[in-house]
Amino acid sequence: MDKKEKVKQSSGGFAKKVTASNLRTKTKRLDPPNFVYAGTLRPHEQSPMRIVDPSAVLSLPDYAIDGIPKKKGSSSIIEVKSPEDIIRMRASGKLARQVLDLAGSLVKPGITTDEIDAAVHAACLDRGAYPSPLNYRKYPKSCCTSVNEVICHGIPDMRPLQLGDVLNIDITVFLDGYHGDCSEMFVVGGKVAADDKARHLIQTTYDCWIKAMELVKPGMNYNVIGRTIQDHVTERGFTTVHSFCGHGIGQVFHTAPNIYHYTVNQPLEVMEAGHVFTIEPMICEGLSEAYMWPDDWTATTVDGKRSAQFEHTLLITPDGVEALTAKIDTSPIQFWERESTISRGVWLGTSKNARERAEGLNIARK
């Protein structure tokens, strides 16, 4: 197997998990009773897995019943979405945004991530969608809630959120046969509750994400994404996670291309109009190696320092890129959007249509 083949390998997860053979650092695991937690966070009690009545949704993903995905996406060929695909993906992306905004509105001291998960679950079903994470490879909840040192895939539980916690909420919905995937950061108590380091971490993560997305257009090589992200965060004293990557998405939760958030010193695929995928950098205050909890889902930093992440489902258009999970006119504007030096205000994409809509939203919010 040559180097180019190796870098394309990955396995399941919401953010795709890169195999150990491709990592510069290995994912670390310990099992109870000798497990040592890297930071202050601990798992709390979880409510039972929530049930979905098949008659309540437009369609079920193929893993909904037994937890095993059957439909496999290509590991190397990037699907060019048809006009019909794009129509449905716009609908799933918009719904994912609506559900994420709802989840974010609940963030406050004292609420549990399990309560947020319950609201996400209900909101999906009320709109005829299935919450994509639920029972995907046996994942027990309807969204991911990653607090403080959790890099990704945190399982909602009964721990009350505390003032100053930083929290990523990751939402994916399966609507009419298509997945829409996005995540965003929240600070419990708002900007005033965040310490200077937390604000700097979140701002840097947001800005590197926007900076990378600004480069997406037909004809570009996919390796510009990771190089741009790594250069931006390294200059500011942060690190980028190598253990997980973004991914193609559509009727299949994870497919080609893999989107690396670090420098890959080789040519990757070339971007084309009709490609749909996620960019979801995970940026850390300290070391970026992933340290797995015994639940085999929760990935934390190895040193207990905090991590941040943002994610959009993106569509490459003939004249740029559009975020299918972009903010809408009712979405709140966060401090990192107002204070970004890369793109101040709401970012919807780089296509002419996206720029015009963003300008309208930003003017309306002034």
For the stretch 180-191, Karplus-derived ³J(HN,Hα) couplings (6.51, -1.76, 1.60; θ = phi - 60°; whole Hz; x for glycine and proline) come out as x, 9, 7, 8, 8, 8, 9, 10, 5, x, x, 4
What helix-only [θ] at 222 nm does the chain give? Using -39500 (n - 2.57) per DSSP H run of at least 4, over all residues, to the nearest 500, the answer is -8000 deg cm²/dmol
For Lys70, counting only aspartates and glutamates whose alpha-carbon sits under 15 Å away and dropping same-chain residues fewer than eight positions off, the answer is Asp62
Inter-part gap, Cα centre of the stretch 277-292 to Cα centre of the stretch 227-263, in whole angstrom, is 8
From fewest to most C-beta neighbours within 10 Å, the residues Val57, Val276 line up as Val57, Val276
In whole Hz, the Karplus estimates of ³J(HN,Hα) for the stretch 278-291 (6.51, -1.76, 1.60; θ = phi - 60°; x where Gly or Pro) are 10, 10, 8, x, 10, 10, 10, 5, x, 6, 9, 5, 8, 10
Calc'd 3J(HN,Hα), the stretch 239-252, phi into Karplus 6.51 cos²θ - 1.76 cosθ + 1.60 (θ = phi - 60°), Hz, glycine/Pro = x, comes to 10, 10, 6, 9, 6, 9, 9, x, 6, x, 8, x, 5, 9
Exposure-ranked with fewest Cβ neighbours within 10 Å first, Leu287, Leu58 stand as Leu58, Leu287
To the nearest 0.05, the calculated FRET efficiency linking Asp53 and Glu272 through their beta-carbon distance, R0 being 35 Å, is 0.35
Fewest-first ordering of Asp114, Asp181, Asp53 by Cβ atoms within 10 Å yields Asp53, Asp114, Asp181
Pairs over 25 Å Cα to Cα, from Lys71/Lys138; Lys94/Lys366; Lys141/Lys211; Lys72/Lys327, come to Lys141/Lys211; Lys72/Lys327
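Rule-based calculations on the coordinates, nothing more; no lab input. Nothing here was measured: the structure is a model prediction, and the numbers come from that model. FYI the Cβ positions are ideal-geometry reconstructions off the backbone, even for glycines, and counts take in every protein chain you see.
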